[in-house]
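Visitor: Shown below is the structure under consideration.
The values are calculated or read from the model by the stated rules, or taken from the named source; none is laboratory data. Just so it is clear, the model here is predicted, and its values are computed rather than measured. With ideal geometry, Cβ positions are generated from the backbone for all residues, glycine too; neighbour counts draw on all protein chains shown.
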Amino acid sequence: MMKRYLVVSVWICLTIPVCFAQSKRRISPDTYINTYKDLAISEMKRSGIPASITLAQGMLESDNGNSILTMEGNNHFGIKCHDWQGKKMYKDDDARNECFRKYSSANESFRDHSDFMLSGQRYNFLFEYKSTDYKSWAKGLHKAGYATNPRYAEKLIDLIETNKLYVYDQGLVARESPRQRTSRKRTTESSPDYFIKLSTRPINVRNGIEYVVAKNGDTFGKLGAELEMLNWELLKYNELTSDSTLHDGQILYLQPKHRKAEFGKDYHTVQVGENIYSISQLYGIKTRHLLRLNNLEPQDSIKVGEVLNLRTKKK
């Protein structure tokens with residue numbers, strides 16, 4: 001009888017997506033923060049919403065990315081359909097079978113969260129607060145009725161202070177140096193207080209990649225020491241050689257570039273003075289992938305006015 005019960009249980013689980021979701025290893029708060037901090041900072045610079053608030057809301061509303069709404073619909077903020085014209089999914093919430101927005105990616109969800117608040121009149125007063133005033137934002141969100149939980153503001157503030165999310169409101173990305181990453185692999189427990197280091201210069205985000213802008217007098221050695229990175233990392237991530245020099249305003253990525261540009265940036269029209277490398281740096285795309293997207297060879301030249309693909313390869 002027990003054997004038959006187990007077989008039936010397994011069959012039911014194989015037919016229900018929830019079972020698959022529950023069988024996966026849960027995403028931890030630290031993993032969620034490290035995965036989406038760049039998006040939160042990018043949206044803060046675009047919209048003015050504190051990165052700490054965006055991250056805390058995402059953590060709370062999505063259960064650190066473990067909710068069915070997030071795993072199946074990339075909805076990190078529990079935003080319901082309202083006048084939504086995109087894809088939809090349905091889930092029991094305050095009422096049965098409520099309509100929620102469904103996104104193709106986390107990027108789309110984070111961006112729509114910002115736009116939702118920017119376009120909603122009831123949230124207008126929030127933008128009078130500074131992006132570093134997370135307490136006023138948290139209390140304001142509760143006042144505006146973002147969620148029905150009477151402890152919503154308190155929960156957001158607790159998440160921000162427990163996880164020190166307020167560091168991201170400075171527009172600086174908390175990073176681990178190569179030395180710190182190596183040390184962490186040797187320990188069984190990690191402490192955010194020990195591993196987080198803030199750069200003394202602004203660290204921006206483009207295409208989900210951290211980067212800095214070089215200034216007069218910068219060298220690879222100086223930047224490597226300041227950012228606690230190895231010289232070869234800066235050279236490799238920016239497709240440069242050991243005899244390369246830096247110039248004022250040059251973009252330097254601190255992580256590997258991607259295969260394509262970020263969502264929504266599909267094409268680029270070549271301007272005077274541009275080449276494949278400068279365009280690859282502009283969008284955070286590896287040069288070889290930019291060439292491949294446009295059926296070009298390294299020796300091929302590009303002309304002013306030519307339109308290059310940044311996401312989809314020419315047929």
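Visitor: Can you give me the ranges of the strands (runs of 3 or more DSSP E) entirely in segment 203-271 with at least 3 residues that are more than 17 Å from the chain's Cα centre (by Cα) and not charged (D, E, K, R)? Let's see the steps before the verdict.
Guide: Working: elements: 204-206, 209-213, 251-253, 267-269.
Qualifying strands (runs of 3 or more DSSP E): 267-269.
Yes/no per residue for (1) under 18 Å from the mean Cα position of the chain (by Cα); (2) of a type in the set (S, T, Y):
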{"residue": "N64", "(1), (2)": "yes, no"}
{"residue": "N75", "(1), (2)": "yes, no"}
{"residue": "G78", "(1), (2)": "yes, no"}
{"residue": "K88", "(1), (2)": "no, no"}
{"residue": "K102", "(1), (2)": "yes, no"}
{"residue": "A106", "(1), (2)": "yes, no"}
{"residue": "F110", "(1), (2)": "yes, no"}
{"residue": "Q121", "(1), (2)": "no, no"}
{"residue": "Y129", "(1), (2)": "no, yes"}
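Visitor: If I ask for residues that are surrounded by fewer than 17 Cβ atoms within 10 Å (Cβ to Cβ), modelled with pLDDT of 95 or more and small (G, A, S), which ones from segment 280-315 would you list?
Guide: Selection gives G305 alone.
Visitor: Specify the residue that is surrounded by the fewest Cβ atoms within 10 Å (Cβ to Cβ); the eligible residues are those in segment 214-236 that are more than 16 Å from P256 (Cα to Cα) and of a type in the set (G, A, S).
Guide: Step by step, filter segment 214-236, then rank; the result is G217.
Visitor: When E274 is evaluated against the numbered criteria (1) part of a loop (DSSP other than H, G, I, E, B); (2) within 26 Å of the chain's Cα centre (by Cα); (3) surrounded by 12 or more Cβ atoms within 10 Å (Cβ to Cβ), which criterion, by number, is the only one it fails?
Guide: Result: E274 passes all but (2).
Visitor: Take S109 and decide whether it is closer than 20 Å to E262 by Cβ, hydroxyl-bearing (S, T, Y) and not in a helix (DSSP H, G or I).
Guide: Numbers: closer than 20 Å to E262 by Cβ: yes; hydroxyl-bearing (S, T, Y): yes; not in a helix (DSSP H, G or I): no.
In short, no.
Visitor: Within 12 Å of T54 (Cβ to Cβ) and either among the charged types (D, E, K, R) or not in a helix (DSSP H, G or I) (or both): is that true of S131 in this structure?
Guide: Values: within 12 Å of T54 (Cβ to Cβ): yes; either among the charged types (D, E, K, R) or not in a helix (DSSP H, G or I) (or both): yes.
So S131 passes the test.
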